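The values are calculated or read from the model by the stated rules, or taken from the named source; none is laboratory data. This one's a predicted model, so the numbers in the text were calculated from it and none came from an experiment. Glycine gets a Cβ as well: all are built from the backbone with ideal geometry, and neighbour counts include every protein chain shown.
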Amino acid sequence: MKTHCSVRPHTSSLIALGILTACFAFGAHAQSPPKYKFDPDWPKPLPDKWKLGGVTGLAVDKDDNVWVLDRPADLRDTELHAAKNPPTAECCTRPPSMIHIAKEGNVIGSFTPEEPQGHGMAVDSKGFVYIGQFTVNKYDPKTGKLVGATPRTPEKPPGGGGGEAGAALNPDPSKGGPGPLGTFPAPPPRRPDPAAVAAFREKYPPSTPMIVQNIEEIRLDELAHELYATDSYLGGRVMVFDLDTLAFKRGWGAYGKPLSEMSANDADRAYTPGGPIPKEFKGHLTLNISNDGLVYAADRNANRIQVTTKEGKFLKEFILAPNTGEGGSTGGVAFSPDKAQRFLYISDLTNNCIWFLNREDGKVVGKMGTAGQNGGQFFGLHMIAVDSKGNIYTGEVQNGEREGATVPPGQISLCVSRRRNGVLLGSLVKRFRQDLDGAL
């Protein structure tokens, strides 16, 4: 697959401008992102014979410890032998939904909320955990109790329910489900009745000041007391809430359009890989906020990243690996740990790699990883997070889910993947440590 990255300035034209040559103010060394090594010792073996489901949320807290949101319902009967009474094999048991892992690799906390699964998560400096579950739910991790939620519509869009947040766990812990979402062939989704869709969109237009569909991403701006969430309704909406009251404040669509100016016409979201960029977000919208107050919104299904101010003013657009089909190339967004955050780290679910981009112009300056299930490879690379030392943590969502980490000078990325009879016993979360020779 040919890789291409272009930057689009604030203009009404939707024609690609081609590959640009970057101008660096930091010297030649600054053109290269840090180098990373896979850390095979992180995390440590999970307790109580847990086996992770697909990783749908990943966050680093103020102490550089890692929170992992996974899908316990992904596990099948064949992976839950240790939960039977009596056990019929050494492996495995169903894990909690939320697992807190110390930077040293040991589990230091966990809980499973009443609604056991979700998509997207964040943690604030006080330790409260925010999970995307058809809205943003705020939990006290000490008790696992719900303590707040952003507003959402009382109805779900036709055909818009289900997913992670709609799953329920079998009350029998030794009974699993059909397997990870998106891994096994499934019947094509039923197309909702067009008349029902039109009626719903008339009742809940793009300007609706509530979450309408599913949550893809959650980010916190604690200095401004604001919570950012991406609602998957109509391809994606950036929604901003008051962090203290969880009341809605503002929102926007593609190119910084106010919600009231977003189109409800699906033709404005149509996209063919390698073709013209759609007028609206296509789907699976994630975001992150830089130290200098810019919002980077990754429209994965359209292979692009849009940059706006916190008020939604559109600044520029980066196109990444535009011929990528299926799930798209622009997944999670993270930043390099230097004060200027010179590089974007983009997780790519389809190409199973991490792209390193110059943050100023979106030029690709490096790439890490390939598809596979060996240490340092990815299979369904879904989530990415970076700690204060520059270690990269990743979470995978397909069969053989792992957490992992990569680390900066003096540290290394981690992943445990012990197998017995083809069953993955370890975690699908990895850490990568920044190589000493690649220090920022």
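Tabulated values for the structure
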| quantity | calculated |
| --- | --- |
| Members of region 193-247 found to be of a type in the set (S, T, N, Q) and in a strand (DSSP E or B), listed by number | 230 |
| Candidates 380, 375, filtered to the one that is of a type outside the set (A, V, I, L, M), surrounded by fewer than 21 Cβ atoms within 10 Å (Cβ to Cβ), at pLDDT below 95 and in contact with a strand residue (DSSP E or B) (Cβ under 7 Å, 6 or more places away or on another chain) | 375 |
| Pairs, first closer than 20 Å to residue 314 by Cβ and free of Cβ contacts under 8 Å to residues at least 60 places away in the same chain in region 271-287, second surrounded by fewer than 17 Cβ atoms within 10 Å (Cβ to Cβ) and among the β-branched types (Val, Ile, Thr), C-beta under 7 Å, six or more apart | none |
| Number of the exception - residue 272 against (1) farther than 24 Å from residue 131 by Cβ; (2) not in a loop (DSSP other than H, G, I, E, B) | (2) |
| So residue 129, is it among the hydrophobic types (A, V, I, L, M, F, W, C), buried (at least 18 other Cβ atoms within 10 Å of the Cβ) and modelled with pLDDT of 95 or more | yes |
| Residue 250 being in contact (Cβ under 8 Å) with a residue 40 or more places away in the chain, more than 26 Å from residue 320 (Cα to Cα) and in a strand (DSSP E or B) | yes |
| Qualifying residue in region 92-103 (condition: among the basic types (Lys, Arg), closer than 28 Å to residue 178 by Cα and at pLDDT 95 or above) | yes |
| Any hit, region 264-280, residues being buried (at least 18 other Cβ atoms within 10 Å of the Cβ), at positive phi and touching a Gly at 6+ places or on another chain (Cβ under 8 Å) | no |
| Every residue from region 339-358 that is surrounded by fewer than 24 Cβ atoms within 10 Å (Cβ to Cβ) and either closer than 30 Å to residue 242 by Cβ or of a type in the set (A, V, I, L, M) (or both) | 339, 340, 341 |
| Identity of the residue in region 253-290, among the aliphatic types (A, V, I, L, M) and in contact with a Pro (Cβ under 8 Å, 6 or more places away or on another chain), that ends up farthest from residue 340 (Cα to Cα) | 264 |
| Residue selected from region 303-338 under the condition in a loop (DSSP other than H, G, I, E, B) and polar (S, T, N, Q), by the criterion surrounded by the fewest Cβ atoms within 10 Å (Cβ to Cβ) | 323 |
| Subset of region 191-224 [among the polar types (S, T, N, Q) and surrounded by fewer than 19 Cβ atoms within 10 Å (Cβ to Cβ)] | 207 |
| Checklist (1) within 20 Å of residue 56 (Cα to Cα); (2) in contact with a Gly (Cβ under 6 Å, 6 or more places away or on another chain); (3) of a type outside the set (Asp, Glu) applied to residue 310, failing item | (1) |
